[in-house]
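The values are calculated or read from the model by the stated rules, or taken from the named source; none is laboratory data. Model, not experiment: these values are computed from the prediction. Glycine gets a Cβ as well: all are built from the backbone with ideal geometry, and neighbour counts include every protein chain shown. Only protein heavy atoms, including side chains, enter the accessible area calculation; ligands, DNA and RNA are left aside. Shrake-Rupley method; radii C 1.70, N 1.55, O 1.52, S 1.80 Å.
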Amino acid sequence: MATSSVSFKSREDHRKQLELEEARKAGLAPAEVDEDGKEINPHIPQYMSSAPWYLNAERPSLKHQRKWKSDPNYTKAWYDRGAKIFQADRYRKGACENCGAMTHDKKSCMDRPRKLGAKWTNMHIAPDEKIETFELDYDGKRDRWNGFDPSSFARVVERFETREEVRRKYLKEQQIKKLEEKQTNPNNEDIVSDEDDDEDDLKVDEAKVDESKQMDFAKVEKRVRTTGGGSTGTVRNLRIREDTAKYLLNLDVNSSYYDPKTRSMREDPLPDADPNEKFYVGDNQNRISGQALDFKQLNIHAWEAFEKGQDVHMQAAPSQAELLFKNYKVIKEKLKSQNRDTIMLKYGNAASEEALPRELLLGQSEREVEYDRAGRIIKGQEVVLPRSKYEEDTYANNHTSVWGSWWKDHQWGYKCCKQLIRNSYCTGSAGIEAAEAAGDLMKSNIALKEATEETPEKQEEKQLATWGTEVPQDLVLDKKLLVESLKKEDQRKKEEKDERKRKYNVKWSDEVTAEDMEAYRLKRIHHDDPMKDFLH
């Protein structure tokens, strides 16, 4: 398997090679050895064990899979910060015009810009910096703590401890001062309260000092994920140990279900208890209280906006979704207020504190209205006709009536000119006279055509009989035709009994005469006839 030879092999050699590889995998044959005398695992795939053709490998080897490039001389050293190498006495050509150092120019100088640089004053020449170049490996380039001096953190610790010591001394001095004032003024309650506050501060301070010794019982070790693969951190447990666990509130088996894996109990374990005495009502209460409802509405709005074509996603861009939801609520409230204002402007507001007009309040007016005995208005108020949403009494193309005011021969038209074509130009009375004259002329032409046409001669209809019809009483049959019809019926009966007598070219006619029908009725077998078996 591990050979890299690309020379031609016969079918037999190839079969032997496969058998040898199978034997090596099964452990029946010794493993293949590379150039260094190391055994090659027979289970390595061929695409990994075969060397590329351009390496010209003559023997099987795994050298092409190893790191064949020589490692450069990587170093873990870091820059010597603040190191100086040479101190010049006078300005040198090509040095920094500001400080006089040869290792940088004026643009990259880190010293304070001088009013007159070292180039012109030739004084206070800065020493040259030590410039170093390192070839770092992959991890060295990305090590943010590379070059960190741990001893420099001692100054931070020393500063913190000094500040804490000064604070502790100050609290002690304040306590002593308050005690002296208490002894001099024992009846002053304000001083006593201040003293209690200072004692509490001192106790808190002492608790901070000995927190690792006193508060260990309230710590819970928890695995905290970090980018470096995870670390164990200390998380303070917020539950008071005296409280009853929620799965012990109701020991009934059929009560609320407690999931030990997630430590959740969705339903209320004590639904019949007094709500004022319960301190736990189930985890579902958190979903319907607080900001959970606002978050649910935000999610629903994001889904509906996405379905309607808005490019919004709650998980991808939560800030955008929240801003869009806020704008939506502002616009919705604005539209509701506009709608409410328009309704109040149109119908008024009965709940407002404004006084109604006197004529509306007392229901009085100076208009005289006359009614009949049935309560109908006779005089004083015109009946208002209901108006539709369409435009009314709009006359187009010089018409004096609307479309649909004329009806004739199942067609609508204009009453003013009696035209049946919509959006036509009005012709007035002249159009009506022309239409009547055209109608009279059409009627006279039709009457003239009917008078000049010759009446066609009536042809005698053949007396045909229909199947299933009864024979009329006044029917007269021809005896010769009846005899022929009887012979035809006998011939048809014989052909039905013996199909060999049927001819190939059968002439068929759907014209059935009265004689043929009578012959069929005479020859037909009546099933209720007692002599039907002796007919043939």
For ASP498 and THR133, extending 7 Å from Cα along the Cα-Cβ vector and measuring point to point gives, in nm, a value of 12.7
If each K or R counts +1 and each D or E counts -1, the residues other than GLU22 whose Cβ falls under 12 Å of its Cβ total +2
Kirkwood radius from Cα pairs of the range 318-358 plugged into Stokes-Einstein at 4 °C, 1.567 mPa s, gives D in µm²/s equal to 103
By accessible area (1.4 Å), largest first, LYS107, LYS16, LYS497 order as LYS107, LYS497, LYS16
Between ASP294 and SER264, Cβ-based FRET efficiency (R0 30 Å, step 0.05) works out to 0.85
Answer check: the range 393-451, Cα atoms, Kirkwood Rh, Rg/Rh ratio of 1.10
Between TYR54 and ASP272, the two model label points (7 Å from Cα along the beta-carbon direction) sit apart by a distance in nm of 8.5
The range 56-153, convex hull of Cα, quarter of hull surface, nm² -> 11.9
Here, LYS418 and ALA351, labelled 7 Å along Cα→Cβ, have an inter-label distance in nm of 6.4
Everything considered on the Cα gyration tensor (a ≥ b ≥ c; rounded for a/c under 1.5, else prolate if a/b is larger than b/c, else oblate), the range 288-341 must be described as oblate
For the range 58-153 the GluC sites (Glu not before Pro) that pass both the DSSP coil test and the at-most-14 other-Cβ-within-10 Å test are GLU58, GLU132, GLU135
Amide H proximity to THR513 below 5 Å, modelled H, separation 5+ or other chain, gives ALA465
Going through LYS278/LYS336; LYS9/LYS63; LYS67/LYS141; LYS246/LYS296; LYS326/LYS346; LYS296/LYS334 one by one, the pairs whose alpha carbons sit over 32 Å apart turn out to be LYS278/LYS336
1/(1 + (r/R0)^6) with r = Cβ-Cβ of GLU433 and ASP393, R0 = 30 Å, i.e. FRET efficiency to nearest 0.05, evaluates to 0.65
Per the rule of 0.36 nm per residue minus the C-alpha distance, extending TYR280 to GLU12 adds in nm 88.3 nm
Once amide hydrogens are built 1.01 Å from N within the peptide plane, the residues lying 5 or more places from LEU62 or on another chain with amide H under 5 Å from its amide H are GLU35
